[in-house]
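The values are calculated or read from the model by the stated rules, or taken from the named source; none is laboratory data. Keep in mind that what you see is a predicted model, and the values were worked out from it rather than measured. Methodologically, a virtual Cβ is constructed for each residue, glycine included, from the backbone with ideal geometry; neighbour enumeration extends over all protein chains shown. Accessible surface is based on the protein model in full, side chains and every heavy atom, while ligands, DNA and RNA are left aside. Shrake-Rupley method; radii C 1.70, N 1.55, O 1.52, S 1.80 Å.
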Amino acid sequence: MAVNHIVAGTVLASQFHTLMICLERLGSTFINKPTILHIVTSNVSVVLCFVLINGFALLRFGLDTLNGTFPCDQRYTATPSFLYSHDIPALTILILVVLCYGVIMYRMMKQRKTIGVQPVQNVSISVDIRSKNNIRMYKNVITLGAIIGLTLIATLPRSIAVFYSYSVGGSESALNFVWIANHVFVLLNPLFDPLIYAFTVRQYREHLISFSKCFKKPQ
């Protein structure tokens, strides 16, 4: 029971972290980053949200133990307590992530057009600036899009399965879908997230290489 609730809290915290990444990227599209975005995306906010979400998961675990213990079966992760305290918030966060990504895309395209119409005396410098901006925008879009796409693939099937199972009264086929969502799709996020960062973020690769050197034996 504890593992089920803690894993659910960690998954929800991971989704919220994805939303914070989107908000951080949204803040970088402003010349002067809004104060509210600076506060929400700070390291303190990230840690605080992680603690609060997992603390709420432990609270849910404590409340469920009042009804007695139950086995680690998929039917017990498709209960009303999980539906209202995990799946509905998870679906809400996913919607906010997609909306935020849409706003980011709109602002980036708008800024690209603005840069394109600005007069520059030196044509070669202008072309070089546009080329660098286009490459940077392309990399940012690919990285953020991959993270969001992976989050949707890893989380959305679980929410759909639980909603369907709850609506049909927990049929065997619906519970099998819940089992697949819990044991397959949810694992995709922690499995492929490091690969996305390694292939798309140069600083991540550099830090990873530096970290790996710590384990080499001195000659």
- Item | Centre separation in Å (Cα based) which lies between region 150-205 and region 84-104 | 14 Å
- For His86, solvent-accessible area (1.4 Å; no DNA, RNA or ligand), Å²: 10 Å²
- Message: Using only the heavy atoms of the protein chains and a 1.4 Å probe, how would Val3, Val168, Val178 rank by accessible area, largest first?
- Response: Val3, Val168, Val178
- Query: With every protein chain kept in the model, how would you rank Met109, Met20 by accessible area, 1.4 Å probe, largest at the top?
  - Reply: Met109, Met20
- Query: Can you pull the accessible area of Val46 for me, 1.4 Å probe, Å² to the nearest 10?
  - Reply: 50 Å²
- Message: With a 1.4 Å probe and all protein chains kept in place, how much accessible area does Thr10 have, in Å² rounded to the nearest 10?
- Response: 60 Å²
- Note on the structure: By the mean-Cβ-within-10 Å protection proxy, highest first, 187-193, 149-155 rank as 149-155, 187-193
- Please give the contour-minus-distance gain from Met105 to Ile180: 0.36 nm per residue of separation, less the Cα-Cα distance, rounded to one decimal in nm. 23.7 nm
- Of Ile104, Ile53, Ile88, Ile95, which has the most accessible area and how do the rest follow, probe 1.4 Å? Ile95, Ile88, Ile53, Ile104
